[in-house]
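The values are calculated or read from the model by the stated rules, or taken from the named source; none is laboratory data. None of these values were measured; they are calculated from a predicted model. Every residue, glycine as well, gets a Cβ built from its backbone with ideal geometry; the counts of neighbours run over all protein chains shown. We work out accessible area using only protein heavy atoms, side chains counted, and drop any ligands, DNA or RNA first. Shrake-Rupley method; radii C 1.70, N 1.55, O 1.52, S 1.80 Å.
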Amino acid sequence: MSHIPAYATQAANQPLAPFSVNRGAPGAHDVAIDILFCGICHSDLHQARNEWGNTVYPCVPGHEIVGKVTAVGSGAGKFKVGDTVAVGCMVGSCGHCEACAAGEENYCENGFVGTYNGTLPDGSRTFGGYSTAIVVNEDFVLRVPHKDHLAAVAPLVCAGITTYSPLRHWGAGPGKKVGIVGLGGLGHMGIKLAHAMGAHTVLFTHSPRKADDGKRLGADEVVVSSDPAQMAQHAGSFDFILDTVSAPHDLNAYLVLLKRDSTMCLVGAPPASTPHPPLRVPNLYGKRRALAGSLIGGIRETQEMLDFCAAHGIVSDIETIAMQDINAAYERMLKGDVKYRFVIDMQTLKDAAKAA
Ligand SMILES: [Zn+2]
Ligand SMILES: [Zn+2]
């Protein structure tokens, strides 16, 4: 492998445009992957536009990758040529801290290596899945057990694991009442997963027009969060609430819906300039409630999530786009105009490169 087609941004105010990435031959423990599909995550947009202030340009986003193995390193034994695999948000971690030893590389105390905008131990920069191929250490490659709908599998390795991990950690399952706040890329996965885990699943949404879709995806009940009377009916009744909304909103309105000793977990964060309204602490100590956060999941748990999804026939609800339409897709994503995840068909980039 050498220079392969990709899409990159060159500065915060520049659109994504054709670019070429130098991918080395796989090292001893690496796997080379022909990328079939790459999902579009909100993080891609934040990073491309330097909204977190740490982007190094050029930037090739993309961390919801599904593809086929084309080569394996001499010391790599987990995969063989032709296997269907996925790569999520991480391509490396220190491997020796307490978190890594526990298989929770996502909480690596030395910082995991992001699939894009990251730096590998040899000092090289990482470029993500908006490209036709990638080379990744086999320890960060996942087996895809799904036989078809591979485009719709791609978002599982970010949106899927981001919701699966906290649902598992806080025990979503039969006999539990679980709330999912927000019906976007994350929320729609949260509904599907909580339902499949056997929990009584309740969607909170501010728009009543999303109720039918929430039920179709697996919600047992839909609560319109802007209606205080509907909210009050659920006071003190939830075993767990997963809040997927990044926009600033009042967390107190949800905390009072938790039972004693129950937890609400945040997986979205508002911009630093517009935080959530202040927390009313008595809402916590009054019933020994907890407010928590969660960040993606480790490799072992991500594999568990893919296996769970395949066993339950779960994929993401997606709209497939051509690589060339990426900038328009970002604008639509900002307006919430997608059900519920865009996925790039990488054949469109391969065809364009062939024609050039
Ligand atoms: Zn993501
Ligand atoms: Zn570590």
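Which percentage, to the nearest 5, of the DSSP beta bridges contained in the chain is antiparallel?
55 percent
Considering only protein heavy atoms and a probe of 1.4 Å, how much of the accessible area of the chain is carbon and sulfur, as a whole percent?
53 percent
Here is the link list: LYS177/LYS210; LYS177/LYS339; LYS147/LYS259; LYS147/LYS215; LYS80/LYS177. Which ones come out longer than 32 Å on Cα distance?
In this structure, LYS147/LYS259; LYS80/LYS177 exceed 32 Å between Cα atoms.
Hey, how many Å between the Cα centroid of the stretch 140-195 and the Cα centroid of the stretch 265-338?
Result: 10 Å between the Cα centres.
What ranking do 62-74, 303-315 get when scored by the average of other Cβ atoms within 10 Å per residue, highest first?
Going by the mean number of other Cβ atoms within 10 Å, highest first, we get 62-74, 303-315.
Only four residue types carry charge here, +1 at the Cβ of Lys and Arg and -1 at the Cβ of Asp and Glu. Report the dipole size of the chain about the Cα centre in Debye, rounded to the nearest 20.
Rounded to the nearest 20 debye, it is 560 debye.
Please turn the phi angles of the stretch 279-296 into ³J(HN,Hα) values with the Karplus equation 6.51 cos²θ - 1.76 cosθ + 1.60 (θ = phi - 60°), one per residue in order, whole Hz, x for glycine and proline.
So the J values, rounded to whole Hz, are 6, 8, 4, x, 5, 8, 6, x, 9, 6, 7, 10, 10, 9, x, 8, 10, 5.
Rounded if a/c is under 1.5, else prolate if a/b beats b/c, else oblate: with a ≥ b ≥ c from the C-alpha gyration tensor eigenvalues square-rooted, which is the stretch 159-293?
rounded
Whole-Hz ³J(HN,Hα) for each residue in the stretch 113-124, computed from phi via Karplus 6.51 cos²θ - 1.76 cosθ + 1.60 with θ = phi - 60°, x for glycine and proline: what do you get?
8, x, 5, 9, 6, x, 10, 7, x, 7, x, 7
Sort 96-109, 148-161 by packing, meaning the average of other beta carbons within 10 Å per residue, with the highest value first.
148-161, 96-109
In square angstrom, what is the accessible area per residue of the chain with a 1.4 angstrom probe?
Per-residue value: 42 Å².
Cα extents of the chain along the three principal axes, largest first, in whole Å?
If we take the Cα atoms of the chain, the spans are 60, 40, 37 Å.
At 222 nm, what helix-only mean residue ellipticity would the chain give, in deg cm²/dmol to the nearest 500, using -39500 (n - 2.57) for each DSSP H run of four or more?
-6500 deg cm²/dmol
Arranged from highest to lowest average of other beta-carbon atoms within 10 Å per residue, in what order do the peptides 343-353, 318-328 appear?
Top to bottom by mean Cβ count within 10 Å: 343-353, 318-328.
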